[in-house]
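Data first, discussion second: the structure below is written as structure tokens.
The values are calculated or read from the model by the stated rules, or taken from the named source; none is laboratory data. All figures in this text were calculated on a predicted structure; none of them were measured in a lab. All Cβ positions, glycine included, derive from the backbone under ideal geometry; neighbour counts span all protein chains shown.
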Amino acid sequence: MESAWGSTEVEWFDKFMNVGELSRMSEQTGPLRRRVTIRNRAGLHARAASLVRDTVLKHRCRVTLIKAEDPSASLNGAPRADGTSVIEMLSLGAMEGEPLIIEAEGEEAPQVLDALERLVECKFWEDDFAPESQQTFPG
């Protein structure tokens, strides 16, 4: 049905609400990336990878961990792991002091990046963040 503005009501509503523009913007921006450095002594081991997986599953987005230094560089050929696969994350062999690029794409990408960065920064709740009775020491 033609409206007083010269287009159909649906077209007018879409223009008014920027529906098409928002979907084009999300397609153009692509994945978000954040560089983190593994800080805990044991690296990205099974329990830590499980915490990553659990965090990813709480958000509506796809997450990939990439073993690379620079998020702005070409990441072609860099080892990658799906953020929902503990086995793939373990295969990265990410040790203490090594950088990872976390790539997130989807509706809640900024939120999952923030949550994963906090998880890495707090050493996956290990080492200095564990209660003294639960800390382990070499030797």
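Results for (1) at pLDDT below 95; (2) in a helix (DSSP H, G or I); (3) under 16 Å from the mean Cα position of the chain (by Cα); (4) closer than 24 Å to Thr29 by Cα, shown as yes or no for each residue.
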site: Leu65; (1), (2), (3), (4): no, no, yes, yes
site: Ala73; (1), (2), (3), (4): yes, no, no, yes
site: Ala78; (1), (2), (3), (4): yes, no, no, yes
site: Glu96; (1), (2), (3), (4): no, no, no, no
site: Leu113; (1), (2), (3), (4): no, yes, yes, yes
site: Leu116; (1), (2), (3), (4): no, yes, yes, yes
site: Thr136; (1), (2), (3), (4): yes, no, no, no
site: Gly139; (1), (2), (3), (4): yes, no, no, no
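Conditions: (1) assigned to a loop (DSSP other than H, G, I, E, B); (2) loosely packed, with under 14 Cβ neighbours inside 10 Å; (3) out of contact with any Ser or Thr (no Cβ under 9 Å at 6 or more places or on another chain). Asp54 meets all but one. Number of the miss?
The number of the failed condition is (1).
Quick check, is Leu44 of a type in the set (A, V, I, L, M), at pLDDT below 95 and more than 14 Å from the chain's Cα centre (by Cα)? Before you say what the answer is, go through the steps one by one.
Details: of a type in the set (A, V, I, L, M): yes; at pLDDT below 95: no; more than 14 Å from the chain's Cα centre (by Cα): yes.
No: the conditions fail for Leu44.
Of a type outside the set (Ser, Thr, Tyr), out of contact with any Phe, Trp or Tyr (no Cβ under 8 Å at 6 or more places or on another chain) and modelled with pLDDT of 95 or more - does that describe any residue in the stretch 124-134?
Narrowing the stretch 124-134 to residues of a type outside the set (Ser, Thr, Tyr): 124-132, 134.
Checking which are out of contact with any Phe, Trp or Tyr (no Cβ under 8 Å at 6 or more places or on another chain) leaves us with 124-132, 134.
Imposing the further condition that a residue be modelled with pLDDT of 95 or more reduces the set to 124.
The answer is yes, given that some residue of the stretch 124-134 is of a type outside the set (Ser, Thr, Tyr), out of contact with any Phe, Trp or Tyr (no Cβ under 8 Å at 6 or more places or on another chain) and modelled with pLDDT of 95 or more.
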